[in-house]
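Q: Input: one structure, supplied below.
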Amino acid sequence: MSGTRVRPGDKIRCDACPVMCYIAEGRVGACDRYANDGGRIVRCDPITVLDRRLGEGGEVSPFLQREWDGDVLGGDTLAVTAVGAGTTYPDYKPAPFIVSREVDGADFVTVVTEAIFSYCGVKVKIDTDRHIGSEMAAVRAGGEAVGHVTTSEYGSQMLSLGGVEHLTGGSKPEGRATCDALLRLCNREPVELSVDGGAQVIVQAGQAPVVNGHREDRMRVGCGSAAIGMFASQWQGLVDEVVVVDDHITGVVSEHQAGKVLGWPDTGIRIRGRRSTPGRYFRVADPGSGWGGTDIDDPLTILGDWNPKKGARPGLTLLMVSTTGEQWGYYVLDDALVPQPAALPPELDPTVALIAENCEPALCTVLFMGGAGGSLRAGVTRNPVRLTRSVQAQRTRVTVGGAPAYVWPGGGITLMADVTRMPVNAFGHVPTPALVAPLEFTLPRDEYRALGGHDEAVRTLRDVLERGGEYGADFRAVPPEGG
């Protein structure tokens, strides 16, 4: 950090990112992360220490610069994260903190830095059956395209947001909107997104999604076929036919293998859809916000004429239900073999409630994804490719704000991490635009030396807590999130 470069007006040039702001006394830079404090560039947020004692319900561990109670510092009680650590862009020198601590009798090193990511994004999982938009449809925030809808998963709709094409490859407003949406999603704030030709969705990590103003309560129990398999035996003897309506696979118990195994008699029912295998139908309706993620409000519209030669008869009873149990209807065939609505018999109430009971709470999941390569590796070692190889060989553990990261196989250090497992407000941004994410590399001291690490810059945990770092000496302790 070149805090000595001064120009008229006593502004100090901050070189924590490519923007290179001149910051006046008492003011912050364009990123809101660094400030001029008495002629010194400091990080505005304190560096965050994960304190396992807090996670277990204990009291805050006193830091050395204030008071030390005599306990041995180190081990696995305290862990320094990169949240608030600062950056050494472009990493021409060692990372802000390289901390030595003893864990189970072995000497480990943790290198922490707040990395600047132009190549980054988030993957969003939205637990809902409702159709939010077609695959590949653009997703917008503030009117700007920030990503797209990707493949649906079991009971969830998926979004891919961000990436370098939106951050820096488009217009300035697109880049700013993308960076703002990513930052707020990663910091667990609600973000309203719109899908071209689809829905308005409010997404917040760890919270229920709101689709077109409707707050989701349940993630579906499974597709219609799966629901038949799970509950067929509990419907037997109580109703003549059951149809579980689903946009993906609609199930019919009398035709389904589960019904056949139970000896379920034919009913002469006909489904308007594409028959896949016995009792399993595709495309009974278009995707939408109605029953089971279809566009229908009346489930009878998916039924054809009943066939008396295959078992249809006046008085035959029919239960139709959605994959979340939120919608259901009970019908009785009249003399013309037309289903007529009727009151649900009390004995069927528990079977509908059982579907709802087996649904998971609907949530939004936000995974940060980035490529932890580039020059930041030079802040860890003088031979960056050795760090990549050590990470790929699982000799170096990578965490994001203390949260475990999944590292993709193949070249580079491409990782994903759940933002709900990090301290709140763990992410920042720079106006280039790019996201700033905390990153920690933890490895044995011998391994660190072997890969060409900045061994001369290693400090003990006690020394770090006592004297702080180049960007300040303030700390905050939080319990580890998610265990």
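The values are calculated or read from the model by the stated rules, or taken from the named source; none is laboratory data. Source: prediction; values computed, not measured. Backbone-built Cβ (ideal geometry, glycine too); neighbour counts: all protein chains shown. Remember, those area values only see protein heavy atoms, side chains included, never the ligands or the DNA or RNA. Shrake-Rupley method; radii C 1.70, N 1.55, O 1.52, S 1.80 Å.
Q: Within region 131-142, which residues are open to solvent by 30 Å² or more (accessible area, probe 1.4 Å) and either within 30 Å of Val221 (Cα to Cα) or touching a residue at least 40 places away in the same chain (Cβ under 8 Å) (or both)?
A: If the condition is that a residue be open to solvent by 30 Å² or more (accessible area, probe 1.4 Å) and either within 30 Å of Val221 (Cα to Cα) or touching a residue at least 40 places away in the same chain (Cβ under 8 Å) (or both), then His131, Ser134, Glu135, Met136, Arg140 are the ones that fit.
Q: Here's a follow-up. What are the residue pairs meeting all of these: first residue in region 217-234, first residue polar (S, T, N, Q), second residue assigned to a helix (DSSP H, G or I), Cβ atoms under 7 Å, and 6 or more apart or on different chains?
A: From residues that are polar (S, T, N, Q), the pairs are Ser233/Leu262; Gln234/Thr351; Gln234/Leu354.
Q: Of everything in region 250-266, what is open to solvent by 10 Å² or more (accessible area, probe 1.4 Å) and under 39 Å from the mean Cα position of the chain (by Cα)? Give them in sequence order.
A: Those that are open to solvent by 10 Å² or more (accessible area, probe 1.4 Å) and under 39 Å from the mean Cα position of the chain (by Cα): Glu255, His256, Gln257, Ala258.
Q: (1) surrounded by 19 or more Cβ atoms within 10 Å (Cβ to Cβ); (2) in contact with a helix residue (DSSP H, G or I) (Cβ under 6 Å, 6 or more places away or on another chain); (3) not basic (Lys, Arg): which one isn't true of Asp455, the others all being true?
A: Only one criterion is unmet by Asp455, namely (1).
Q: Does Gly206 satisfy the criteria of being surrounded by fewer than 22 Cβ atoms within 10 Å (Cβ to Cβ), modelled with pLDDT of 95 or more and out of contact with any Ser or Thr (no Cβ under 6 Å at 6 or more places or on another chain)?
A: In short, no.
Q: Which count do you get for residues in region 146-159 that are farther than 21 Å from Arg218 by Cβ and open to solvent by less than 20 Å² (accessible area, probe 1.4 Å)?
A: Going through region 146-159 one residue at a time, the tally reaches 3.
Q: Looking only at strands (runs of 3 or more DSSP E) that fall completely inside region 425-483, which ones have 1 or more residues that are touching a Phe, Trp or Tyr at 6+ places or on another chain (Cβ under 6 Å)?
A: 434-444, 475-478
Q: Hey, another quick one. Mind checking which residues of region 230-244 are within 20 Å of Asn307 (Cβ to Cβ) and part of a strand (DSSP E or B)?
A: Once the filter is applied, which keeps residues that are within 20 Å of Asn307 (Cβ to Cβ) and part of a strand (DSSP E or B), region 230-244 yields Glu241, Val242, Val243.
Q: Any chance you could count how many residues in region 296-336 are touching a residue at least 24 places away in the same chain (Cβ under 8 Å) and either part of a loop (DSSP other than H, G, I, E, B) or of a type in the set (D, E, K, R) (or both)?
A: Selection size over region 296-336: 16.
Q: Restricting attention to region 330-345, does a residue exist that is at pLDDT 95 or above, among the hydroxyl-bearing types (Ser, Thr, Tyr) and under 30 Å from Thr420 (Cα atoms)?
A: No, region 330-345 has no match at all.
Q: Mind checking which residues of region 24-40 are touching an Asp or Glu at 6+ places or on another chain (Cβ under 9 Å) and of a type in the set (A, V, I, L, M)?
A: Of everything in region 24-40, just one residue is touching an Asp or Glu at 6+ places or on another chain (Cβ under 9 Å) and of a type in the set (A, V, I, L, M), namely Ala24.
Q: Separate question: Against the conditions (1) surrounded by 18 or more Cβ atoms within 10 Å (Cβ to Cβ); (2) free of Cβ contacts under 8 Å to residues at least 60 places away in the same chain; (3) of a type outside the set (Val, Ile, Thr), where does Gly412 fall short? Just the number, please.
A: Here Gly412 meets the rest and fails (1).
Q: Return the only residue of Asp297, Asp335, Asp349 being among the acidic types (Asp, Glu) and touching a Gly at 6+ places or on another chain (Cβ under 8 Å). Can you show your working first?
A: Numbers: Asp335 fails: touching a Gly at 6+ places or on another chain (Cβ under 8 Å); Asp349 fails: touching a Gly at 6+ places or on another chain (Cβ under 8 Å).
Within the list Asp297, Asp335, Asp349, the selection yields Asp297.
Q: Would you please name the residue that is modelled with the highest pLDDT, looking only at residues in region 70-88 that are open to solvent by 40 Å² or more (accessible area, probe 1.4 Å) and in contact with a helix residue (DSSP H, G or I) (Cβ under 7 Å, 6 or more places away or on another chain)?
A: Thr77
Conditions (1) among the hydrophobic types (A, V, I, L, M, F, W, C); (2) in the same structural domain as Gly290 (by the TED database); (3) in contact with a strand residue (DSSP E or B) (Cβ under 7 Å, 6 or more places away or on another chain), marked per residue:
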site: Glu114; (1), (2), (3): no, no, yes
site: His131; (1), (2), (3): no, no, yes
site: Met136; (1), (2), (3): yes, no, yes
site: Glu144; (1), (2), (3): no, no, no
site: His148; (1), (2), (3): no, no, yes
site: Ser152; (1), (2), (3): no, no, yes
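Q: Would a scan of region 251-262 turn up a residue that is in a loop (DSSP other than H, G, I, E, B) and more than 19 Å from Thr317 (Cβ to Cβ)? Show your work before the answer.
A: So in region 251-262, the residues in a loop (DSSP other than H, G, I, E, B) come out as 253-256.
Then keep just the ones that are more than 19 Å from Thr317 (Cβ to Cβ); that gives none.
No, the conditions are met nowhere in region 251-262.
Q: Something else: Taking into account only those residues within region 89-119 that are modelled with pLDDT of 85 or more and not in a strand (DSSP E or B), which is least open to solvent (accessible area, probe 1.4 Å)?
A: Out of the qualifying residues, it is Ala95.
So that you can scan it fast, the table gives a plain yes or no per residue for (1) closer than 30 Å to Glu456 by Cα; (2) in contact with a helix residue (DSSP H, G or I) (Cβ under 7 Å, 6 or more places away or on another chain):
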residue: Cys359; (1), (2): no, no
residue: Ala362; (1), (2): no, no
residue: Gly379; (1), (2): yes, no
residue: Asn383; (1), (2): yes, no
residue: Thr399; (1), (2): yes, no
residue: Pro409; (1), (2): no, no
residue: Ile413; (1), (2): yes, yes
residue: Met416; (1), (2): no, no
residue: Met422; (1), (2): yes, no
